[in-house]
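These notes concern the structure reproduced below.
The values are calculated or read from the model by the stated rules, or taken from the named source; none is laboratory data. Note that the structure is predicted; figures quoted are calculated from it, not measured. Note that we place each Cβ from the backbone using ideal geometry, even for glycine, and neighbour counts take in every protein chain shown.
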Amino acid sequence: MIIGVPCERTANENRVGLTPSAAGALVRAGHVVVVESGAGEPARFGDDAYRAAGASITYTSDEVAGRSDLVLKVAALRPAEVACLHEGQTVLGFHHLAAGGRPLLDAVLDSGATLIGCEVMEDERGDLHVLRAMSEIAGQLAVHVGAHFLETHSGGRGILLGGAPGIPPAHVVILGAGVVGLSAARVAAGNLAQVTILDRRADALRRAGTFLAPGVVTELAHEQSIARAVAYADVLIGAVLIRGERTSRAVTRAMVERMKPGSVIVDVSIDQGGCVETSRPTTLEDPVFVEHGVTHYCVPNMASAVARTASLALTGALLPSVRALAGSGVEAALANDPGLAAGTYVHRGRLVSAAVARSFGVPWEPLATVLGAPVAPPQALAAP
């Protein structure tokens, strides 16, 4: 199979979909790897490293798109990239289709391509293992970002995250006890902040209580508890995820208006639409805006700030699925691997994601119907 790695042209996207070492593993397995010149440079992987691994270097994205059976991207497809897709081609990436808008979905369907979302792919336990790799990084970064923008010179309240002798630490409030939330809570508590983590799921909070330091407060999330916590937060981290769907707005504009001047919101959920009503996407180049006296950091690709670490983590999580797709072919891989099947939004121009269909109010078809073959159930991959 021919596997293509294009340059990422989304603003400030510095990650790459395949590292040189992973490219070498695919080449040794008999596949052809085509990398656009400069694709790995932002993550400090040069063209020479890919050449040494056996990959071919091309000099246009059109050549990568035209030659590749399987394209490995990071950022969501832009309209110009969708226009280059061709029937039968497969694209792995963080597509976030539910937040991409109906015109983009229609263009993807018209292309006849297959889209598999890294953010909804599952492992044998049903975990979102590829998203987890990025979420662990984003959770750590969210605390660092919050601490930075609390500083006086950044327009913040002038509060040190961990306080000082005789002076209380900052309040860090985290919405969501998933991977991002737990990672953020661990780092915030390690920096001696006062940490409260809220979630609607009692089991998630129970798990958080066993994973986190004893001083971290867990609280069931409902409108009143969220409003109360948001009001006393110095740093509010939004870590809400609904698989494959647009994130619900857990924090209203009225709640933001009651926050303390100079406090900080880090909406990690922004790539799925954001969980704060006042949020709107920003970039690493221009990461914040102030509304109602509150600094908002809403960068969809936070992990791109540490591009080398993120690229290594991404490739490590993704490589087994790439091997499966390239080794047995897309149809066989989707039929035999329930984790890949769960991550498939579109197959050969037909929508197979119920979550995306709900988001846009459009019809969909089960993947098994489109494949014309049964899809292995999740327990087929589970350990005996």
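From the list 47, 69, 62, which one is surrounded by fewer than 19 Cβ atoms within 10 Å (Cβ to Cβ) and in contact (Cβ under 8 Å) with a residue 40 or more places away in the chain?
Answer to the selection: 69.
Among the residues of region 309-323, is there at least one that is in the same structural domain as residue 109 (by TED's automatic domain parsing), under 30 Å from residue 101 (Cβ atoms), in contact with a Ser or Thr (Cβ under 6 Å, 6 or more places away or on another chain) and not small (Gly, Ala, Ser)? Yes, the conditions are met somewhere in region 309-323.
Only residues that are hydroxyl-bearing (Ser, Thr, Tyr), surrounded by 24 or more Cβ atoms within 10 Å (Cβ to Cβ) and in a helix (DSSP H, G or I) were counted across region 293-309, and they come to 1.
For the criterion of being in the same structural domain as residue 44 (by TED's automatic domain parsing) and either under 30 Å from residue 155 (Cβ atoms) or surrounded by fewer than 17 Cβ atoms within 10 Å (Cβ to Cβ) (or both), residue 354 passes. For region 241-273, the candidate set comprises residues that are modelled with pLDDT of 90 or more and in a loop (DSSP other than H, G, I, E, B); within that set, the residue that is surrounded by the fewest Cβ atoms within 10 Å (Cβ to Cβ) is 261. Elements of the type strands (runs of 3 or more DSSP E) sitting completely within region 150-228 and holding at least 1 residues that are assigned by TED's automatic domain parsing to the domain that holds residue 252, farther than 20 Å from residue 297 by Cβ and of a type outside the set (Ser, Thr, Tyr): these cover 194-199, 217-220.
Among the residues of region 82-103, those that are farther than 14 Å from residue 353 by Cβ and of a type in the set (A, V, I, L, M) comprise 82, 83, 85, 91, 92. Would you be able to say whether some residue in region 280-291 is in contact with a helix residue (DSSP H, G or I) (Cβ under 7 Å, 6 or more places away or on another chain) and crowded, with 21+ Cβ neighbours inside 10 Å? Checked region 280-291: no residue is in contact with a helix residue (DSSP H, G or I) (Cβ under 7 Å, 6 or more places away or on another chain) and crowded, with 21+ Cβ neighbours inside 10 Å. Taking the condition in contact (Cβ under 8 Å) with a residue 60 or more places away in the chain, of a type in the set (Val, Ile, Thr) and either closer than 26 Å to residue 317 by Cα or surrounded by 21 or more Cβ atoms within 10 Å (Cβ to Cβ) (or both), does residue 91 pass? No, not satisfied. For region 102-118, give me each residue that is in contact with a helix residue (DSSP H, G or I) (Cβ under 9 Å, 6 or more places away or on another chain) and either aliphatic (A, V, I, L, M) or free of Cβ contacts under 8 Å to residues at least 40 places away in the same chain (or both). Within region 102-118, 103, 104, 105, 107, 108, 113, 115, 116 qualify. The combined condition, being at pLDDT 95 or above and either hydrophobic (A, V, I, L, M, F, W, C) or outside any helix (DSSP H, G or I) (or both), is not fulfilled by residue 133.
Residue count for region 140-163 under the criterion of being modelled with pLDDT under 95 and buried (at least 24 other Cβ atoms within 10 Å of the Cβ): the result is 0. When restricted to residues that are of a type in the set (A, V, I, L, M) and over 19 Å from the mean Cα position of the chain (by Cα), region 104-142 contains 4.
With the structure loaded, tell me whether residue 126 is closer than 21 Å to residue 340 by Cα, loosely packed, with under 15 Cβ neighbours inside 10 Å and modelled with pLDDT under 90 or whether it fails that test.
Yes; evaluated as a whole, the condition is true for this residue.
Looking at 17, 38, 30, just one residue is without any contact (Cβ under 8 Å) to a residue 12 or more places away in the chain and not basic (Lys, Arg), and that residue is 30.
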